[in-house]
Amino acid sequence: MRADRLSPIASLLVLLGAAMMLAPLVWTVLLSLKANGELVGNSGAALHGPYTLQNYQAIFGTSQTMRWLLNSAVVSLGTTTGVLMLCSLAGYGFARLEFPFRRTLFVLVLLGLAIPSQAVILPQHQLFATLHLHNSYPGLILPGLTTSFGVFFMTQYMKAIPAELDEAALLDGASRLRVFWKVILPLTVPAQSALAVFTFLGSWNDYWWPLISATHSNMYTLTVGLAAAQMNYAQTSGLGFLMAQAVFASVPIFIVYLIFQRQIIQAMAGAALK
Amino acid sequence: MKRLFALLLAALALGSCAKGGGETRIYLQRFFGECGAEYGGSTDIAHAEGECGIITTMVNAFNASDGKAAVDTNVIAWPGYPQLTAQMAARDPPDIVSMHENVISDYASKGLLEPVEPYLRAGGLTAASFTRASREGVTIGGRMYGLPWDTHGGLWHINTGLFAKAGLMRGGKPVLPNSPEELLAQARQFRQRTGKPYLLQSLVGDPAGATRNLYTYVLAQGQPVFPDARHLRVNTPEGRRVGELFRQLTAEGLGTSNMDTPAAIAAFMNGEGGIFATGTWMIGQFQQESVTARRPLFGKYAVMNYPRLWGEHRIYVGGHAWVVPARERTPEQKAAIGRFFRFMAAHNYDWARTGHLPAFTAVLDSPQFRALPHRADIAALADIGRPMPGYVRRQSAVEGIVGEEMSSAVTGQKSVPDALAAAERRVDEFLAELD
């Protein structure tokens, strides 16, 4: 199929939009490559050389940066894996199975969408304190597993898959779990991809819960660790370092996007079409 | 893949290993940033620079010299109070914590901090060791709840080159006003001769500056800002005089109205205005500019205390302190905290190199401190500086409210009486809700 060509005006508008989207990113990178002292008096100095990597050296020189990177990776991957498993199972249950209070439970799940996480932060913190789970990986991962959006998203996606597929497999003697695992789950890969992206990004960028749960620096995630490493008034006297931190924190996400670009776009398109 | 996983696990296990040795350990939690790359192994306090460098080398030096105890440092994101509160809720607070003096009352009023007199005594320190501003900053109900560490407050950072052009230098020193009328007259003269604003104000997203002005000049007129723990009183003739003065400065274009802090700092460093009223913490940065050739501020920098415009010379100040959260501790740990306080007190001069005023009278009066650039000009702040009374809780949040309203008054978004009345109403409602 031949792609439709954009008109010159449309192309210009698209280019303009792309430039507007890219400008802050380019600005951030340029600032990160300048010495802090140069930027204090004039941030416009970022538009010309000399450039330096000293802000990045300072990040890597911070004793625990790699530890924080590892913590973020463990927490984000753990949360994403857990969310995919739980939400797929819950989605299948709500979409396919009949059990007492199914509708009521689903409404409760939907209500969860309306409750901001900040509203439950105090009892959640007390609960984790009682269980001695603060400053631990389970303490950072478990709260992220309870995602109403994920359950709702997977339920809706699975509802759209024809029930005849289940019935055919059941007639062939497959168990419910086998139907889920072998028949339905492979068909939900686009939705799983989309949910994985949302969950990973949310977990990687999360600041509030790690800030109050991981209070020992060896358990900081990257977001909390980089914030802790900032001097006071970083936005004035440490602007280059601040921007280098922003670039550094987003690089892993950028790499994930580059590697899984095709799957992510397919997932978005697939989820939209469903 | 399995090998990679095993490596990850090994790295985690290694990272989790506690340091060996049977010595007493105390946990210090602080802001001021992390600079392990530059100062992680250094114990050379005298050659460390900046807040982070100096405090890092101080802790390193204590660990190297004490022999009986070791301090483990946990660096937190500024200002660190959400984390500290969470740690206290989980009953796992650190042993020593950096804290702004205006926050101490929030924790002390709930019994979450220990009075530190026993630690001070163990460290050979008494209340008389401290400057008046520092002592008052940590004292609540007659008890001291922290080792005062410095005094910081608003100063007038001055471009002496522009002041000279405006004819406002005498004997090498800037001529500052002694009354509101003189302030307006000098600001008009400055504007007329230089074409630039007299006062650079960061009124956007920075309520602290406007609050400092209001508190300072209401106190100077002899009126308490908080007559009791539940009420702010600024919508008074004294408060309105302050509001109207800064409103007039801004309305006449003698003061800027559209700058945030980075913009105001950049403007000052580029010689775009006569005075930038901000804290002690900027002295180092501006001093560096003033000794760097070909920079706009080269050879043109002075810093003075806020001038006395009414009544007495009073300036609203704050400070940093080291507090001790309440928890069970061994006698060895308590003794270690006392020794750590003594060590910190012995190196208060080094901390004063950051620009903050020392907390100890002996350091403030020492020739060594007075020889630091500009310090002799601002040392009086330790005596004339006044913190808010210790009975006022949530001072940081209250400052935010007051600053918002004062900024609205200064920029003309509200009339001065309306803004000050709104500040009183909002703060009183806020304080009434506290248990």
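The values are calculated or read from the model by the stated rules, or taken from the named source; none is laboratory data. Bear in mind that the values here come from a model prediction, so they are computed numbers and not experimental data. Quick reminder, even Gly has a Cβ in these numbers, built from the backbone with ideal geometry, and neighbours come from all protein chains shown. Ligands, DNA and RNA are stripped out before the accessible areas are found, and what is left, the full protein with its side chains, is counted by its heavy atoms. Shrake-Rupley method; radii C 1.70, N 1.55, O 1.52, S 1.80 Å.
Using a Debye calculation, one point per C-alpha and no hydration shell, please list log10 I(q)/I(0) for region B:30-173 at q = 0.09, 0.13, 0.15, 0.21 Å⁻¹ in order. Here log10 of I(q) over I(0) equals -0.41, -0.76, -0.94, -1.42.
Using the Cβ-Cβ distance between A:ILE9 and B:HIS231 with R0 set to 45 Å, the FRET efficiency works out to roughly 0.10. Here's the list of aspartates and glutamates a cross-link from B:LYS300 could span, going by alpha-carbon distance under 17 Å and ignoring same-chain residues fewer than 8 apart: B:GLU272, B:GLU289, B:ASP377.
Computed on the Cα atoms alone, the convex hull of region B:335-435 gives a volume of 158 cubic angstrom per residue.
Percent of C-alpha pairs per 10 Å bin in region B:217-280, short distances first: 18, 36, 31, 14, 1. When the Cα positions of A:ALA174, A:PRO123, A:HIS134 are compared along the charge dipole of region A:116-187, A:HIS134 comes out farthest toward the positive end, with charges on each C-beta of Lys, Arg, Asp and Glu.
Each principal axis of the Cα atoms in region A:1-98 has its own extent, and those three values, largest first, are 67, 53, 24 angstrom. Compactness ratio for region A:72-114: Cα radius of gyration over 2.2 N^0.38 Å (N = residue count) comes to 1.42. When restricted to Cα atoms, region B:159-230 yields an Rg and a Dmax of 15.5, 48 Å, respectively.
A loss of 40 Å² or more of accessible area (1.4 Å probe, protein heavy atoms, ligands and nucleic acids excluded) relative to the isolated chain is seen in these residues of region B:248-279: B:PRO262. Calculate I(q)/I(0) for region B:93-177 by the Debye formula, one identical point scatterer on each C-alpha and no solvent, and give its log10 at q = 0.12, 0.13, 0.23 Å⁻¹ to two decimals. Scattering profile of region B:93-177, log10 relative to I(0): -0.53, -0.56, -1.11. Against the main long axis of the alpha-carbon atoms of chain A, helix A:189-205 sits at an angle near 40°.
With a cut-off of at most 11 other beta carbons within 10 Å, and DSSP calling the residue loop, which GluC sites (Glu not before Pro) in region B:281-346 qualify? Please list them. Let's see the in-between values first.
Numbers: sites: B:GLU289, B:GLU312, B:GLU328, B:GLU332; in loops: B:GLU312, B:GLU328.
Counting only loop positions with at most 11 other Cβ atoms within 10 Å, the GluC sites (Glu not before Pro) in region B:281-346 are B:GLU312, B:GLU328.
Along each principal axis, taking the top coordinate minus the bottom one, the Cα set of region A:94-211 gives 51, 29, 25 Å in descending order.
For the pair A:MET21 and A:LEU111, what calculated FRET efficiency results from E = 1/(1 + (r/R0)^6), where r is the Cβ-Cβ distance and R0 = 51 Å, to the nearest 0.05? Walk me through the numbers before you get to the answer.
Numbers: r = 36 Å, r/R0 = 0.70.
With a Förster radius of 51 Å, E is 0.90.
Please compute the average number of Cβ atoms from other chains found within 10 Å of each residue's Cβ in peptide A:32-43. Walk me through the numbers on the way to the answer.
On the way: counts 0, 0, 0, 0, 0, 5, 0, 2, 8, 12, 4, 3.
What the average comes to for A:32-43 is 3.
Summing Cβ point charges (Lys, Arg +1; Asp, Glu -1) relative to the Cα centre of chain A gives a dipole of roughly 260 debye. Return one number: the angle in degrees, 0 to 90 and rounded to the nearest 10, between the long axis of the Cα atoms of helix A:102-113 and the longest principal axis of the Cα atoms of chain A. On a 0 to 90 degree scale, this one is about 10. Going by accessible surface with a 1.4 Å probe and the largest first, B:MET88, A:MET66 read A:MET66, B:MET88. In the assembled protein chains, A:SER43 presents an accessible area of approximately 50 Å² (probe radius 1.4 Å).
Along its principal axes, chain A has C-alpha extents of 73, 62, 29 angstrom, given from the largest down. Carbon and sulfur: what percent of the protein assembly as shown's accessible surface (1.4 Å probe)? Percent of accessible area from carbon and sulfur atoms in the protein assembly as shown: 62.
Could you work out the helix-only [θ] at 222 nm for chain A, with each DSSP H run of four or more residues adding -39,500 (n - 2.57) and the total divided by the number of residues, to the nearest 500 deg cm²/dmol? Display every interim value, and only then the final one.
On the way: 15 runs with 187 residues, N = 274.
It comes out at -21500 deg cm²/dmol, rounded to the nearest 500.
Axis angle, to the nearest 10 degrees, between helix A:8-32 and the longest C-alpha principal axis of chain A: 60 degrees. Out of every Cα-Cα pair in chain B, what percent are more than 38 Å apart? More than 38 Å apart: 27 percent of the Cα pairs in chain B.
Stick to the Cα atoms of the protein assembly as shown, pair each with every other, and give me the Kirkwood hydrodynamic radius in Å at one decimal. Taking the inverse mean of 1/r over all distinct Cα pairs, the protein assembly as shown comes out at 28.7 Å. Here the protein assembly as shown is assigned +1 on the Cβ of each Lys and Arg and -1 on the Cβ of each Asp and Glu. Its dipole about the Cα centre then comes out at about 680 debye. When only alpha carbons of region A:24-77 are considered, Rg and Dmax amount to 14.3, 41 Å. Here region B:34-120 is assigned +1 on the Cβ of each Lys and Arg and -1 on the Cβ of each Asp and Glu. Its dipole about the Cα centre then comes out at about 260 debye. Comparing the full protein assembly with the isolated chain (1.4 Å probe, heavy atoms, ligands and nucleic acids excluded), the residues of region A:48-93 losing at least 20 square angstrom of accessible area are A:GLY61, A:THR62, A:SER63, A:ARG67, A:LEU70.
The mean number of partner chain beta-carbon atoms within 10 angstrom of a residue's beta-carbon across peptide B:73-86 is 5. Calculation over all alpha carbon pairs of region A:79-156 in 10 angstrom steps from 0 returns a P(r) of 18, 42, 32, 8 percent.
Considering only protein heavy atoms, what per residue accessible area in square angstrom results for region B:128-196 with a 1.4 angstrom probe?
Working: 2710 Å² over 69 residues.
Result: 39 Å² per residue.
Pairing chains B and A buries close to 2700 square angstrom of accessible surface in total, based on protein heavy atoms and a 1.4 angstrom probe. Counting heavy atoms of the protein chains alone, B:LYS196 has an accessible area of about 60 Å² for a 1.4 Å probe.
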